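The structure under discussion appears below in the form of structure tokens.
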Amino acid sequence: MRIGVLMVITSVVLGLGCTHVISKDVLKEVNRDIPFAQLLKDPVSYQGQMVLLGGVIVRTTYDQAGTLLEIYQTEIDWEKKPVNVDVSEGRFLSLYKGFLDSEIYKKGRKVTIAGVVTGVRASKLGEIDYHYPSLLIREIHLWKKEIKETCDPYLWYPWGMWGTWGPWYYPYWRY
């Protein structure tokens, strides 16, 4: 009886560890042979193809079609999470047919998107005309904010806040 319960609990825990941020059905449709550099050069030739991209939101805007996200691309790791956010090959636009709140999907948040390439969209980026690959979002995953923990060096000493001298040290004990 105990072994059976233990096996069920173990399989549930292992199963939860293998969940995907993008559903398996959508991942099966993704064309993994399209590098972002090629998509950026000629988005029209990949029109209708499903791609998987990760990046960081630059801007969120709304129009009649839905929510438009401008994203700068980054590489993704084995979990499909955007990594190395200081390196990008360019930007892309992703349209979500619906409402994504701009206070949640805001500048600086990491996303992973599975979407169908719809072509190219030209827009001003500063003073230049930039040609964005354009996607229609099939699935989107917003990654949790990363909280940078600060470490107080006195708390990790075994003797706490007293530092290397311990509680018996007091600089004015002679007076």
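At a Förster distance of 22 Å, what's the computed FRET efficiency of Y130 paired with Q64, Cβ-Cβ distance as r, to 0.05? Could the numbers behind the result be given before it?
On the way: r = 23 Å, r/R0 = 1.02.
The value I calculate is 0.45.
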Check your understanding: Arranged from highest to lowest average of other beta-carbon atoms within 10 Å per residue, in what order do the peptides 105-117, 135-147 appear?
Key -> 105-117, 135-147
**Study point:** Ordering of 123-130, 75-82 by burial proxy (mean other Cβ atoms within 10 Å per residue, highest first)
**Key:** 75-82, 123-130
**Study point:** Heavy atoms of Y46 accessible to a 1.4 Å probe, total area in Å² rounded to 10
**Key:** 50 Å²
**Study point:** Accessible heavy-atom area order of V51, V44, highest first, probe of 1.4 Å
**Key:** V44, V51
**Study point:** Estimated inter-spin distance, N84 and A37, nm [label 7 Å along Cα→Cβ]
**Key:** 1.1 nm
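Just list whichever of K28/K124; K28/K145; K28/K148; K28/K107 have alpha carbons separated by over 32 Å in the model shown.
Table pairs above 32 Å Cα-Cα are K28/K124; K28/K148.
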Check your understanding: Stretched out fully, how many nm does the piece from Y72 to K107 gain, at 0.36 nm a residue minus the Cα gap?
Key -> 11.6 nm
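The values are calculated or read from the model by the stated rules, or taken from the named source; none is laboratory data. Everything numeric in this text was worked out from a predicted model, so none of it was measured. Positions of Cβ are generated from backbone atoms using ideal geometry, with glycine treated the same way; all protein chains shown enter the neighbour counts. What goes into the accessible areas is simple: the full protein's heavy atoms, side chains included, and nothing from ligands, DNA or RNA. Shrake-Rupley method; radii C 1.70, N 1.55, O 1.52, S 1.80 Å.
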